[in-house]
1. Leaving ligands, DNA and RNA out of it, report the carbon-plus-sulfur percent of the accessible area of the chain at a 1.4 Å probe.
2. Please report, to two decimal places, log10 I(q)/I(0) for the stretch 313-467 at q = 0.12, 0.15, 0.20 Å⁻¹ as given by the Debye formula with identical point scatterers on the Cα atoms and no solvent.
3. Take every Cα pair under 8 Å in the stretch 253-377 that's 6+ residues apart, average their separations, divide by the length, and report that relative contact order as a whole percent.
4. When ligands, DNA and RNA are left out and all protein chains stay put, how many square angstrom of accessible area per residue does the stretch 484-585 have with a 1.4 Å probe?
5. For the stretch 91-155, what does the equivalent ellipsoid look like in terms of its semi-axes, each the square root of 5 times an eigenvalue of the Cα gyration tensor, given largest first in whole Å?
6. Suppose each label sits 7 Å from its Cα in the direction of the beta carbon; what would the residue 124-residue 246 distance come out to in nanometres?
7. So which of 302/339; 427/540; 466/540 end up more than 18 Å apart, counting from Cα to Cα?
8. Would you mind calculating the gained length between residue 411 and residue 576 on full extension (0.36 nm times residue separation, minus the Cα-Cα distance), in nm to one decimal?
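The values are calculated or read from the model by the stated rules, or taken from the named source; none is laboratory data. Treat the numbers as computed from the prediction; the structure is a model and nothing was measured. Quick reminder, even Gly has a Cβ in these numbers, built from the backbone with ideal geometry, and neighbours come from all protein chains shown. The area values use the complete protein model at the heavy-atom level, side chains included, leaving out ligands, DNA and RNA. Shrake-Rupley method; radii C 1.70, N 1.55, O 1.52, S 1.80 Å.
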Amino acid sequence: MEMEFRGNGHSFRLAGARYTVRYNEADPFAIAVDQEGDSLFRLPLVSGLASLTEEERLTNIRTGLPAAVSEERMEWTIYADSSLWQNRRFVWTFEENRITYVHQADGPCTPGRCYWFSNGISGHYNAGNSQGLAFNATLYAESYFSPEINHANLFHFPVSMPQAVGIRKHAPGADGDHPERISDGLFAPPPLVLSFMKGDKRAGIGLGTEPGGYMFNGLEYTGSRYAGASFYVNYCGYHCAERGFQSPAAAIHFGYSEYENLADYVAWLDVSGYTTQRRYPHAPWHRLPIFCGWAEQTAQAKQRGQPPKEWATQENYERWIGMLEDRGLPVGTVVIDDKWQTAYGTLEIDERKWPDMKGFIRRQHEKGRHVLLWTMTYHPEGLDGRLCVQDEGRPVAADVTHPEYEQLLRERIRYLVQEIGADGFKKDGVGGLPNKPSLVMHRPLFGLEFLRRFQQILYDEAHRWKADAMIETQTPNPLFRDCSDVLRLNDIHFGSRNVNEIMTRRARIARLAGWRLVDCDNASSTCLEEWWSYMQFQVKLGIPSLYFVTQTESTYESVPGSYWGYLGQLWSDYMEQQGLQGGKG
């Protein structure tokens with residue numbers, strides 16, 4: 001690292017391999033960050049840590065000077081007085097290719113919002129609850145990339161647009177006119193990083209902390225507002241700070257593409273101990289072509305004015321699989337979708353729909369196939385209220401912290417895997433707990449950690465009874481590697497075009513985050529033309545996947561018979577190239 005002083009005071013310039021930091025005493029509480037001559041950010045040196053009821057006010061800021069830790073690393077600790085906390089410290093670390101930043105505090109407060117590069121949230125036309133522009137981030141970047149997929153299939157946004165990456169609950173109807181913001185349950189959570197762009201320059205800002213510390217629903221970015229932008233997470237009071245508080249680290253990586261930023265960010269998470277790793281090896285069958293009946297259920301039910309879940313019957317699945325066999329499609333994994341259960345929360349088989357699920361699964365095994373059961377994430381339906389998270393007396397989720405619920409869930413998983421014969425689960429319906437401090441549960445757990453606990457139970461218990469079980473999820477965040485085998489690329493909706501490009505982007509994000517195997521999912525809601533293009537492309541992208549057998553889900557277009565024969569040959573060639581056997585029927 002090179003440090004050059006300017007003038008007679010403490011103004012200085014600090015240069016890394018790809019970035020420059022400038023500090024000027026005329027703007028004593030911020031730094032300017034440039035990338036090869038392009039101004040990207042003005043970042044305040046201190047950041048706020050709110051309680052549940054009050055924003056923090058910082059005064060008497062003491063800057064000092066950066067100090068060399070090594071030839072390639074410098075640290076700069078800033079101190080301030082706080083209206084809420086004691087011993088407020090802000091630690092900047094400058095390395096050749098990266099800037100990292102954490103802040104610390106002591107005191108009895110219960111954290112609410114924790115900010116980076118900001119001191120609160122500015123209003124549309126005033127400082128809002130922040131201390132104004134001097135204490136918020138100024139962005140000179142033009143736009144940014146988000147790995148949070150959405151119904152509009154947009155990845156790039158102007159810096160003025162707010163964004164959240166993670167899991168979250170929307171108020172009903174709040175985003176009905178904003179498909180670019182609707183993303184609950186798609187990539188949930190994605191990597192917690194945004195890549196800011198100016199010309200050909202890219203600077204990624206991402207968060208990381210040790211597993212167990214992700215007690216928030218996601219990284220929030222306010223957009224570039226009147227009095228500056230802010231970045232924050234909301235602990236909602238569930239994070240214990242009795243022994244002192246240290247924020248998650250924020251890292252800024254510099255490069256020339258958003259995917260380079262993402263790769264550097266994930267590598268930093270790994271080397272910092274902020275991720276988890278796989279615990280079971282992939283089984284060969286995990287790569288076999290997949291049939292999921294959801295789109296067929298939807299296409300048939302909606303034309304008859306019925307709920308799609310009513311079509312999740314043993315009779316229907318046996319008939320659909322028979323059609324696939326007649327067409328010579330070598331399906332290797334069958335997903336029984338919504339709703340084979342009597343209740344989402346109890347995972348009890350609805351014997352009215354599935355009078356002999358055990359026999360159905362045995363027959364699929366005899367034909368070289370495997371069976372996954374679709375399941376909702378910590379859904380409260382059918383559970384005793386004692387075993388649920390309560391929001392003002394209303395159950396909003398199964399309480400993954402309650403020992404009795406965990407025992408019930410583990411026993412149901414054991415029964416379905418060991419006795420019924422299921423080979424794993426496809427997990428869906430991730431929404432996250434509401435961003436509220438008043439939720440009642442057995443013990444405090446929130447955000448990504450609450451979701452991971454459910455997924456860990458599902459993963460642990462399935463693998464306990466079948467070492468080669470498959471848990472398929474939509475959680476391409478490196479924190480979740482220890483409880484996911486295969487990553488699904490998720491839904492594509494009717495208005496989607498250029499599906500091959502969209503799904504290639506999703507697959508790239510998933511693989512950079514650590515998932516080697518991706519279920520291509522299915523463009524089941526698009527028109528026939530887009531669906532057929534994607535079906536041919538899937539064998540180049542990941543695990544091929546089919547969702548219907550008669551007609552497209554939204555446009556109800558029938559598939560020409562010649563397509564099925566060609567698709568069967570594509571899948572057979574894929575299996576031969578992968579060295580796979582099974583699913584021939």
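1. Details: 10060 of 21600 Å².
C and S atoms contribute 47 percent here.
2. For the stretch 313-467 at q = 0.12, 0.15, 0.20 Å⁻¹, log10 I(q)/I(0) is -0.55, -0.79, -1.22.
3. Values: 122 pairs, mean separation 28.7, N = 125.
So the answer I get is 23 percent.
4. Numbers: 3930 Å² over 102 residues.
Result: 39 Å² per residue.
5. Details: eigenvalues 123, 81, 49 Å².
Semi-axes (√(5λ), whole Å): 25, 20, 16.
6. Taking the two extended label points, one gets 4.1 nm.
7. Details: 302/339 15 Å; 427/540 24 Å; 466/540 29 Å.
Table pairs above 18 Å Cα-Cα are 427/540; 466/540.
8. Numbers: separation 165, 0.36 × 165 = 59.40 nm, distance 3.81 nm.
Computed gain between residue 411 and residue 576 is 55.6 nm.
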